[in-house]
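The values are calculated or read from the model by the stated rules, or taken from the named source; none is laboratory data. Quick caveat: nothing in here was measured; it's all calculated off a predicted structure. Note that each Cβ is placed from the backbone with ideal geometry, even for glycine, and that neighbours are counted across all protein chains shown.
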Amino acid sequence: MEGTVSVHKYQQTMKSEGDPTAMDRIPVVSSNLRSVGYIQEAGVLEIEFHSGSVYQYQNVPPTVYNDLMTARSKGSFHNAYVKNCYRFRRIR
């Protein structure tokens with residue numbers, strides 16, 4: 001995992017379309033991930049993929065979110081440290 005950055009550094013700017021209760025997400029530069037959101041108090045990480053799918057991962061620590069946001073390859077980080085490591089649900 002890569003360097004640690006404060007969770008509060010990232011401003012959340014995108015909402016899931018058509019769902020007023022959806023988490024705010026920020027766009028990311030990635031060939032696989034479109035946007036990422038995180039609620040630190042709940043440990044919920046939400047990832048939108050370029051395919052349009054959106055997944056929420058449960059009990060994700062802030063360090064994993066921070067490392068994802070600073071990773072050179074967000075898709076590779078997701079595959080190695082998030083996917084199949086945390087309970088998840090597909091929300092779209």
Quiz prompt | First in the stretch 28-44 and on the phi > 0 side of the Ramachandran plot, second anywhere and part of a strand (DSSP E or B) and of a type outside the set (D, E, K, R), Cβ under 9 Å, 6 or more apart | solution = Gly43/Tyr57
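For residues in the stretch 15-29 being within 12 Å of the chain's Cα centre (by Cα), crowded, with 17+ Cβ neighbours inside 10 Å and modelled with pLDDT under 95, which is nearest to Lys74 (Cα to Cα)? Show your work before the answer.
Taking the stretch 15-29 and keeping what is within 12 Å of the chain's Cα centre (by Cα), we get 23-28.
Next, only the ones that are crowded, with 17+ Cβ neighbours inside 10 Å stay: 23, 25, 28.
From what is left, the residues that are modelled with pLDDT under 95 are 23, 25.
Numbers: Met23: 19, Arg25: 15 Å.
Among those that are within 12 Å of the chain's Cα centre (by Cα), crowded, with 17+ Cβ neighbours inside 10 Å and modelled with pLDDT under 95, it is Arg25.
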